[in-house]
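The structure appears below as structure tokens.
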Ligand SMILES: CC(C)(COP(=O)(O)OP(=O)(O)OC[C@H]1O[C@@H](n2cnc3c(N)ncnc32)[C@H](O)[C@@H]1OP(=O)(O)O)[C@@H](O)C(=O)NCCC(=O)NCCS
């Protein structure tokens, strides 16, 4: 049965693969093709290896959803990295591999991440999501409240919306 657990250094390859696959599947038509085609699993894996070995130093906590064949999604949470008033925590990343959507994994991961932040006194938490990403309505469905927006650059100018979570959604 699928379950959420803390990420370990040995998960680096799986996290890199999931990140590249979900970026390409989700952001095609939103982020320039050149950025997506240039994503490199090996580079991402090396970055994850460094991150997971040093996990804790930055306050980043990563959890994976482990299914029979290995990790199929992950969430990363920690202290907010910007200067958003009243939001000490942040959900930095939440990815479920494309073939595994709709199985409740995203919700379980979000719940685990937000409860981790609550345990560290880091709620309310913010999550930034590209305005054109369909995941925006996922966060709304999970109880996130629209907060603000900002302009960013990922190969071209893009708009990102911030959602605020003061608690996590009830699990079935
Ligand atoms: C967004 C994402 C994490 C959702 O994960 P998921 O495992 O498919 O979602 P779940 O199966 O846990 O869905 C939980 C609930 O949200 C709903 N939901 C899922 N995706 C939704 C969407 N895009 N819009 C509205 N509701 C959505 C489901 O219907 C379900 O509703 P219910 O609890 O009332 O039955 C996943 O689609 C994903 O990884 N997307 C690509 C990466 C991404 O964009 N991440 C966010 C970057 S900020």
Check: How much length is gained on full extension from residue 103 to residue 34, taking 0.36 nm per residue of separation minus their Cα-Cα distance?
Finding: 21.7 nm
Next item on the list: Multiply the residue gap between residue 5 and residue 137 by 0.36 nm, knock off their C-alpha separation, and tell me the result in nm, one decimal place.
Entry: 44.9 nm
Margin query: Only counting other Cβ atoms within 10 Å, I'd like 131, 61 sorted with the fewest neighbours first.
Written below: 131, 61
Check: When only Cα pairs under 8 Å and 6 or more residues apart are kept, what is the percent relative contact order across region 3-165?
Finding: 21
Item checked: Distance histogram in 5 Å bins (all Cα pairs of the chain, percent per bin) -> 1, 8, 17, 21, 22, 19, 9, 2, 0
Notebook entry, point to check: Ranked by Cβ crowding within 10 angstrom, fewest neighbours first, how are 63, 74 ordered?
Noted result: 63, 74
Next item on the list: Could you line up 115, 83 from fewest to most neighbouring Cβ atoms inside 10 Å?
Entry: 83, 115
Next item on the list: Set the Förster radius R0 to 25 Å, insert the Cβ-Cβ distance between residue 58 and residue 167 as r into 1/(1 + (r/R0)^6), and round the FRET efficiency to 0.05.
Entry: 0.55
Checklist line | Between region 17-62 and region 103-170, the alpha-carbon center distance in angstrom | finding: 18
Next item on the list: At 10 °C and 1.306 mPa s, grab the translational diffusion coefficient of region 1-57 from Stokes-Einstein with a Kirkwood Rh over Cα pairs, rounded to a whole number in µm² per second.
Entry: 128
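Read the figures in this text as sums done on the coordinates, not as results from a lab. Bear in mind the structure is a predicted one, so any value in this text is a computation, not a measurement. A quick note on method: Cβ atoms are made from the backbone with ideal geometry, for glycine too, and the neighbour counts reach across all protein chains shown.
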